[in-house]
1. When residues of the stretch 182-194 are filtered for being hydrophobic (A, V, I, L, M, F, W, C) and surrounded by fewer than 16 Cβ atoms within 10 Å (Cβ to Cβ), how many remain?
2. So, in the stretch 217-233, how many residues would count as being open to solvent by 40 Å² or more (accessible area, probe 1.4 Å) and of a type in the set (Gly, Ala, Ser)?
3. Within the stretch 60-73, does at least one residue satisfy the condition of being touching a strand residue (DSSP E or B) at 6+ places or on another chain (Cβ under 8 Å) and either touching a residue at least 40 places away in the same chain (Cβ under 8 Å) or not in a loop (DSSP other than H, G, I, E, B) (or both)?
4. If you go through the stretch 93-124 one residue at a time, how many are assigned to a helix (DSSP H, G or I) and in contact with a Gly (Cβ under 8 Å, 6 or more places away or on another chain)?
5. Filter the stretch 137-181 for residues that are part of a loop (DSSP other than H, G, I, E, B) and either open to solvent by less than 50 Å² (accessible area, probe 1.4 Å) or charged (D, E, K, R) (or both) and give the result.
6. Name the residues in the stretch 372-387 that are open to solvent by 30 Å² or more (accessible area, probe 1.4 Å) and farther than 15 Å from residue 418 by Cβ, would you?
7. Do you know which residues across the stretch 274-299 are part of a loop (DSSP other than H, G, I, E, B) and among the β-branched types (Val, Ile, Thr)?
8. Can you say whether residue 325 is of a type outside the set (S, T, N, Q), touching a His at 6+ places or on another chain (Cβ under 7 Å), at pLDDT below 95 and surrounded by fewer than 23 Cβ atoms within 10 Å (Cβ to Cβ), as far as the supplied structure shows?
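The values are calculated or read from the model by the stated rules, or taken from the named source; none is laboratory data. Please read these numbers as outputs of a predicted model, since none were measured by experiment. Every residue, glycine as well, gets a Cβ built from its backbone with ideal geometry; the counts of neighbours run over all protein chains shown. Keep in mind that these areas ignore ligands, DNA and RNA; they rest on the heavy atoms of the full protein, side chains included. Shrake-Rupley method; radii C 1.70, N 1.55, O 1.52, S 1.80 Å.
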Amino acid sequence: MTHTLSPMTATDSPLFGTGFSSNEMRALFSPEAYVAHCVEVEVALARVQAKLGLIPDGAAMGIEAAAKTCSFDMDRLARETEIVGYPILPIVEQLSAHAGESGRYLHWGATTQDIMDSATVLQIRSALDLIETGLTTTCAALEDLAKTHCDTPMAGRTHMQHALPITFGYKAAVWLSGLRRHQQRLAELRPRILCVEFSGASGTLASLGKDGMNVQQALAEDLGLRQPDITWHSARDGISETLNLLAMIGGSLGKIAFDISIMMTTELAEVAEPFVRHRGASSTMPQKANPISCELILASARVLRQHAGLGLDAMIHDFERATGPWHLEWIAIPEAFGHCSAILGHATFMLSGLQVFPQNMRRNLDCTRGLIVAEAVMMALAPYTGRVPAHDLVYAGCRAAIEQRTSLFEVLLQSPDVTRHLDAKALQRLTEPSNYLGSAQDMVRRVLSK
C-alpha cells in the first residue's frame, strides 16, 4: 500500500502552486529535504560525540557512511510516522539498520524533538536566505521607482479622498522604507532563531550527565548554529517571531498591492501591472487586464497573518513538552515561508515592470480644480487673518467652487477678504498643486541615500 498523497493545499497544487510558493522554497521544505536535515543532525551528533569520546570513532564514521548511502523507504516512513506520531523513530530505525553495528550508537542521548527542532532550524536558515534575496530584489525595484519618479506629482489620498499632493516617488519610497526595516528585522532575528535544540527528554540533558553541555555546544558548532543559553523546546518565541516577521513582510507587500490595485482602476489608470499576453485576462470581457499580481499578494498576505496567529498559539506550551501546540508549527512554518517567497516574487515582477502613467496622475491631480491645495491658500492667508478665519474663508471658497463647478483660484479671486492679502499672482502660485509638495522630494532623496 502506497502512502503517496495527492496534493491538497494551494501551495502543493499543480494548478496554483507556483502562485503561492516559489519552487526553491518548496524544495527546501519537501519531505525528502526534511528527512535529509534530520539525518544531518543525527550524523553531526554522532560526529561530535565521537570527538568527545562518548561513542567510538568507528561508530561515528559508520553512521556518516551509512547516511550517504541510505535510501529511505518513504512509504514505510509515512506508515510508521502515522503510527508513532513523529518521524524520528522510523528514520532512526532505517538508518540504524543500514549502519549495521555502528547503528547502536545512533541518536545517543537525544530525543525526538531535539532532532526535529534542529532540522527545522536548518530549514529556516536556508529559507531566510531566500527571503533575504527576495527582499533585496524587491527593494531594488522600489529604489528605481522612487528615483525615477521623485518629482512626478500625483494626488495624495486619505480616507479614499484627495488630501494633498505628493509624488509617486514619495509613495514608492514609503513602500521601500517598510521593506528595509524588515531587512533589519531579519538580520536581528537570525541570532535568536538559529540556535541548536539538543536538550534531552525534559530539557536537562540528563542522559549525558556532565558531558551534556559540551555535546550541545559542539553540535551547535558543527551545524553552524548558536548554542542557546537554556533549553528552548517549550519556549517557542523564536519560531513565533519568525512567523510574525513573514506576516509583517506580507502586510507591507499587501499594502503595496492594495495601493496599486486601486491605482489600476479604470477611473484612475495611474499605473498598470507589466503587460504579459493574457495575464489577468477575462474569459468573457476582452478588454480586461486584472491586477493578478496584486490579488495573489493580497491573498497570501492574509494567509501569512493566519500563520502568524498559529505561531502565537503554539507558544502556549504546557510544562516541559506540550500536548499539541508544537504540531501547529509543522503546518505554519513551511506554508508561511512558501507564501512569503511567492509574494516577494510577485512583487518583484510587478514593481520591476510597473507601467506608470504620469499624464493620468496629473489629470487626476487637477480633477478638483485646485481644491487639493486649499491648505496651501489657508496657510498663506493665516498670518494675515489668523488660522481659524483663514480656514473659514477658504472653506467657503471650496464650497463655492464645488457648487459653481469652477476652480478654487477663480472663486478666491472674487473674494475681497482674500485678495486684500493675496494677489492674483500669489493665488495662481498657491493653487498649482506641484508647488505644494512639502518635503516629499527631500524625503525620497534621504531614503535613497541610505
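1. The total comes to 1.
2. 1
3. No, the stretch 60-73 has no match at all.
4. Number satisfying all stated conditions: 9.
5. 149, 150, 151, 152
6. Correct list: empty.
7. 276, 284
8. In short, yes.
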